[in-house]
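As structure tokens, the structure follows; a few thoughts come after it.
No value in this document is a laboratory result; all are computed from the given coordinates. Everything numeric here is computed off the predicted structure, so don't read it as measured data. So basically every Cβ, Gly included, is an ideal-geometry build from the backbone, and we count neighbours across all protein chains shown.
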Amino acid sequence: MKSVVDTPGSQPQPTNVPIVVSTFDLRKVYRSGFWLNQKIVSLKSCSLTVYQGETFGLLGPNGAGKTTLLKLLLGIVRPTAGRGLLLGKPLGDRQVKQSIGYLPENPYLYDYLTGWEFLELAAGIFQIPRRIQRQRIPQLLELVGLPLADARKKQMRRYSKGMLQRVGMAQALINDPEIIFLDEPMSGLDPLGRYQMREIILGLKAAGKTIFFNSHILSEVEQICDRIAILSQGELICAGSLNELLGNSNIYKIRGKGGDKDVLHKWMPNLIFSHDGSWQGTLKEDYYDFLDSLRLMEGQIISLDLARHSLEDFFIQNIQQQNTSVQSNSGYTTDGDVAAAQAKF
Ligand SMILES: Nc1ncnc2c1ncn2[C@@H]1O[C@H](COP(=O)(O)OP(=O)(O)OP(=O)(O)O)[C@@H](O)[C@H]1O
Ligand SMILES: [Mg+2]
């Protein structure tokens, strides 16, 4: 297992980038049962750091503790132990809430209000003047791709899941927050909706916002995030940039045909030729320089892939290792839990 577990102060980031989220051994134990005598350890000693302007993805199987961590950061639930800072203030600070946006996992959005009315309500909570609301609400509706007519006329009980998710996203941005927490923002969206959500997140990122989001959709995370962390059974098992965790993104596996054998060998020392005349190798040099050279020797590319692992492979491998070590520590012997963890995800 890659043990790049984040501890505040041990980051590869430049020191002049402000920290917006830091947690120190944060722990949450819920009590349940009629006599509140059952303990559920949702989060064990979690220490992580998120920098300003970063898009940070929190991954983990169902029940790993992702929503719990988000709720702790937002001050919705209190930690059992440990502490954290959000925008330099202790978790739960009221002033900081003005600067954050939150899209919950299962937003409850008042069935009998229209989308527009709900956004007015949200804007009212932040004491945004009516004049500004009248400009901002249509802008946000356009951003999230919800037709104005639906927002104005339809009550939200008549909205589809995707429409509700869009209103939820607009609500999360109503106060022009500095940091946005999104719990499964792609959930329930069709491929076009996911694409639009990804574009919105990338737009926010370009505007310098910090985004902290939970997701199960690893391909989206891979495309959007600067850094990720993986939680499993309440434990942070790794954190870091995708390059740190998955390997360098500037190494390519290339298959092609034609060109000069000797020149190709200089670019890719591990070059292998197949009997059909095609070749394949790993390119560690500058990609554009290689393409120029290939063009000069009249070679062609058949396929090109990043040489690093996919996030999905990395994720499954880490969860399996974590489950195996938990089982061996606790005396479990079956593979059922490992398979269940994969299946759930
Ligand atoms: N209010 C609560 N009371 C008791 N237990 C809770 C409560 N909220 C969460 N839990 C438990 O804490 C653990 C972590 O839950 P959490 O919702 O944080 O997981 P998650 O990673 O967000 O999962 P998912 O991917 O399904 O959303 C689970 O075992 C869950 O049952
Ligand atoms: Mg959750």
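Treat each spin label as a single point 7 Å out from the Cα along the C-beta direction, and report the S274 to Q52 distance in nm.
5.1
Report relative contact order for the chain in percent, whole number only (criteria: Cα-Cα under 8 Å, sequence separation at least 6).
Once divided by the residue count of the chain, the mean separation gives 19 percent.
What ³J(HN,Hα) values, in whole Hz, does the Karplus curve 6.51 cos²θ - 1.76 cosθ + 1.60 give for the range 24-35 when θ = phi - 60°, with x put for Gly and Pro?
10, 6, 5, 9, 9, 10, 8, 10, 9, x, 4, 9
Which semi-axis lengths, in whole Å and largest first, follow from the square roots of five times the eigenvalues of the Cα gyration tensor of the chain?
40, 29, 20
At a Cα cut-off below 17 Å, give the aspartates and glutamates reachable from K154, other chains included and same-chain residues fewer than 8 away excluded.
Filter leaves D111, E117, E120, E142.
Got a sec? Charge dipole of the chain, +1 on Cβ for Lys and Arg, -1 for Asp and Glu; which of W279, G203, L85 is way out at the positive end?
Going by the charge dipole, the pick is L85.
Could you tell me how many degrees, from 0 to 90 and to the nearest 10, lie between the Cα long axis of helix 161-173 and the main elongation axis, the longest principal axis, of the Cα atoms of the chain?
80
What are the lysines whose alpha-carbon lies under 19 Å from the alpha-carbon of K28, with same-chain residues fewer than 8 places away excluded?
K39, K44, K66, K71
Taking K209 as the anchor, which lysines have their alpha carbon closer than 17 Å to its alpha carbon, excluding any fewer than eight residues away along the same chain?
Correct list for K209: K97.
Per 0.36 nm of contour for each residue apart, how much would the distance between S303 and N37 grow if the chain were fully extended, relative to their Cα-Cα spacing?
That pair, S303 and N37, stretches by 89.9 nm at full extension.
Can you bin the range 76-208 into rounded, prolate or oblate? Criterion: square roots of the alpha carbon gyration tensor eigenvalues sorted a ≥ b ≥ c, rounded for a/c under 1.5, prolate for a/b above b/c, oblate for the rest.
Since a/c reaches 1.5 and a/b is larger than b/c, the shape of the range 76-208 is classed as prolate.
Name all residues of the range 27-65 having a backbone nitrogen under 14 Å from the label point set 7 Å from the Cα of S325 along its Cα→Cβ direction, giving them as ranges.
Label zone hits: none.
Rounded if a/c is under 1.5, else prolate if a/b is larger than b/c, else oblate: which is the range 252-306, with a ≥ b ≥ c the root eigenvalues of its Cα gyration tensor?
Cα axes put the range 252-306 in the rounded bin.
Compute the signed sum of charges (Lys and Arg +1, Asp and Glu -1) over the other residues within less than 12 Å, Cβ to Cβ, of I302.
+1
Helix-derived [θ] at 222 nm for the chain: sum -39500 (n - 2.57) over DSSP H runs of at least 4, divide by residue count, nearest 500?
-11000 deg cm²/dmol
Which order do the peptides 161-167, 265-271 take when ranked by the mean count of other beta-carbon atoms within 10 Å per residue, highest first?
161-167, 265-271
Just want the ordering: L74, L121, from fewest to most Cβ atoms lying within 10 Å of their own Cβ.
L121, L74
As a footprinting exposure proxy, order H216, H275 by other Cβ within 10 Å, with the fewest listed first.
H275, H216
Could you work out how much longer the chain between A81 and R131 gets when fully extended? Use 0.36 nm per residue separation minus the Cα distance between them, nm to one decimal.
My answer for the length gained is 13.6 nm.
Give me, ordered by chain and number, the residues 5 or more places off L26 or on other chains with an amide H under 5 Å from its own placed amide H.
Those qualifying (amide H under 5 Å, at least 5 residues apart or on another chain) are C46, S47, R83.
Cut-off 10 angstrom, C-alpha nodes, Gaussian network model of the chain. Which of Y110, Y288, Y102 fluctuates the most?
Y288
For the chain, set up a Gaussian network in which alpha carbons nearer than 10 Å are linked by springs, and say which option among I224, I211, I179 fluctuates the most.
For the chain, modelled as a Gaussian network with Cα springs under 10 Å, the answer is I224.
With θ set to phi - 60° and the Karplus curve 6.51 cos²θ - 1.76 cosθ + 1.60, what are the ³J(HN,Hα) couplings of the range 193-198 in order, to the nearest whole Hz, using x for Gly and Pro?
For the range 193-198, the Karplus-derived couplings read x, 5, 4, 5, 4, 5 Hz, x marking Gly and Pro.
Measuring from label point to label point, each 7 Å out along Cα→Cβ, what is the E142 to S45 span in nm?
5.2
Hey, can you rank 312-320, 75-83, 46-54 by average C-beta count inside 10 Å, highest first?
Going from most to least packed, we get 46-54, 312-320, 75-83.
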